[in-house]
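The values are calculated or read from the model by the stated rules, or taken from the named source; none is laboratory data. This one's a predicted model, so the numbers in the text were calculated from it and none came from an experiment. Cβ sites come from the backbone with ideal geometry, for glycine too, and all protein chains shown count toward neighbours. With ligands, DNA and RNA removed, areas are computed over all heavy atoms of the protein, side chains included. Shrake-Rupley method; radii C 1.70, N 1.55, O 1.52, S 1.80 Å.
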Amino acid sequence: MTLKVIEIENVKGIKKYSFNLDILPNKPSILVAPNGFGKSSFAAAFNLLQANGLVLSGYSLYKNDTANRPRLFIKYQKPDNTIVDLEADESINTIKDQFDCFVINSQIDAKGTGVNYGSEMTINPVILIDEIPEKVKFQYSFKSQQKRFGLNNKVLPNIKLLLSNSKLIKKINENITILTNAIESQIQRKISEFVNEVNQESGTSSNLIEWIEINKIDSLNNIDYLSDLAQILYEFNFFNLKAEYFLAGIQIIHLYNDSISDFEKACKYKIYELDKENYKSTLKAFNATWRDIRIKESGKQLIVEFPEFHYISNGERDILTFVALLQQAKRRLKNIAISW
């Protein structure tokens, strides 16, 4: 795909201008131009772009005149050389069907009134997460799982620690269809048959695990979705034996089936905790100031709060706000990977 033309109409300093381009995918492109050319207007046009069209804003319109209706037009070429035209105005947006965009602007605000305007400079916080998910924990009870399993419940591993691993929960959530399929009657029947066979054996927990390892691993591998879940668990190296991963997987499937809504909410909150820690470590890696750059919960949002303007150098401010906004972009844009 090649981006051929971007045409902007009635945005800030641009009455109407077509940028003839050859922007290739997955390669950075830099617009270099003198002051007054329209670089800020170019960014403003995309900043106005919302799902339902271009959001009207007086200060972003050409000559600040609401009679000047904004329009954004994009032409791109598919790999088969087909040309596609997309556009957005105040009532339509066909661009969103093919492109996502995110505009990174300065977070500096000048405050004051009259002759004192600009006498106070502030750094606006960056919103990393618009809505913090509900704090729901996994309703896991080892005793309940043992009771459900039956006579030889001593073979079950306690998976409380496993459910506290945010990275694992994120991986399970990314593959949630495994669980939705695993609760189907045919899979449940096969799991019940296996549990019944285990309960007919005798011996210590070690004896039973060994019996499963020798006699049942092949049949467990043939239980669709349970085997997929066991493979995911295996990647995180919690246990020593394959049988334990299957037994843990059975418990997770039961936990999901007991309350799908609570399970999904708990996943969402664990992923939020993981994202929050990742944001903290990323900003810490770039923070060379003596001041704390705080990530905190504010109402229902997770934000990055910066120190007062005079406590941080221009370079440090620009780097840290840029990094914070990249994290915001990573969350909001679809099908994009930003890594360090």
Subset tally (residues that are of a type outside the set (A, V, I, L, M, F, W, C) and open to solvent by less than 80 Å² (accessible area, probe 1.4 Å)) for region 266-305: 18
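Go through region 198-216 and count every residue that is open to solvent by 50 Å² or more (accessible area, probe 1.4 Å) and basic (Lys, Arg). If you could, list the steps in order and put the result at the bottom.
Here is the first cut: in region 198-216, the ones open to solvent by 50 Å² or more (accessible area, probe 1.4 Å) are 200-202, 204, 206-207, 210-211, 213-215.
Within this subset, residues satisfying the condition of being basic (Lys, Arg) are none.
Within region 198-216, residues that are open to solvent by 50 Å² or more (accessible area, probe 1.4 Å) and basic (Lys, Arg) number 0.
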Count - residues of region 306-323 that are under 23 Å from the mean Cα position of the chain (by Cα), open to solvent by 60 Å² or more (accessible area, probe 1.4 Å) and not β-branched (Val, Ile, Thr): 1
Test: residue in region 289-311 that is closer than 30 Å to Pro25 by Cα, of a type outside the set (Ser, Thr, Tyr) and modelled with pLDDT under 90: no
Residue ID - nearest to the chain's Cα centre (by Cα), chosen from residues in region 22-41 that are over 24 Å from Arg332 (Cβ atoms) and among the hydrophobic types (A, V, I, L, M, F, W, C): Val32
Residue satisfying all of: in region 5-41; in contact with a Gly (Cβ under 6 Å, 6 or more places away or on another chain) and either under 26 Å from Pro79 (Cα atoms) or open to solvent by less than 40 Å² (accessible area, probe 1.4 Å) (or both); modelled with the highest pLDDT among these: Ile14
Which numbered condition Ala44 fails, given (1) surrounded by fewer than 18 Cβ atoms within 10 Å (Cβ to Cβ); (2) under 32 Å from the mean Cα position of the chain (by Cα); (3) at pLDDT below 90; (4) outside any strand (DSSP E or B): (1)
Residue match in region 259-280 (condition: without any contact (Cβ under 8 Å) to a residue 60 or more places away in the chain and in contact with a Phe, Trp or Tyr (Cβ under 8 Å, 6 or more places away or on another chain)): no
Tally, over region 47-58, of residues that are out of contact with any helix residue (DSSP H, G or I) (no Cβ under 9 Å at 6 or more places or on another chain) and not in a loop (DSSP other than H, G, I, E, B): 1
Meets criteria (among the β-branched types (Val, Ile, Thr), part of a loop (DSSP other than H, G, I, E, B), touching a helix residue (DSSP H, G or I) at 6+ places or on another chain (Cβ under 8 Å) and free of Cβ contacts under 8 Å to residues at least 60 places away in the same chain) for Thr289: yes
Which numbered condition Ile295 misses (of (1) free of Cβ contacts under 8 Å to residues at least 60 places away in the same chain; (2) among the aliphatic types (A, V, I, L, M); (3) within 30 Å of Arg317 (Cβ to Cβ)): (1)
Of all residues making up region 179-216, the number that are charged (D, E, K, R) and farther than 17 Å from Phe239 by Cβ: 6
Filtered residues of region 75-94 (kept if within 14 Å of Met1 (Cβ to Cβ) and open to solvent by less than 70 Å² (accessible area, probe 1.4 Å)): Lys75, Tyr76, Gln77, Thr82, Val84, Leu86
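Would it be correct to say that Phe138 is within 20 Å of Lys270 (Cα to Cα), in contact with a helix residue (DSSP H, G or I) (Cβ under 7 Å, 6 or more places away or on another chain), open to solvent by 60 Å² or more (accessible area, probe 1.4 Å) and touching a residue at least 24 places away in the same chain (Cβ under 8 Å)?
On the way: within 20 Å of Lys270 (Cα to Cα): yes; in contact with a helix residue (DSSP H, G or I) (Cβ under 7 Å, 6 or more places away or on another chain): yes; open to solvent by 60 Å² or more (accessible area, probe 1.4 Å): no; touching a residue at least 24 places away in the same chain (Cβ under 8 Å): yes.
So Phe138 does not fit the description; no.
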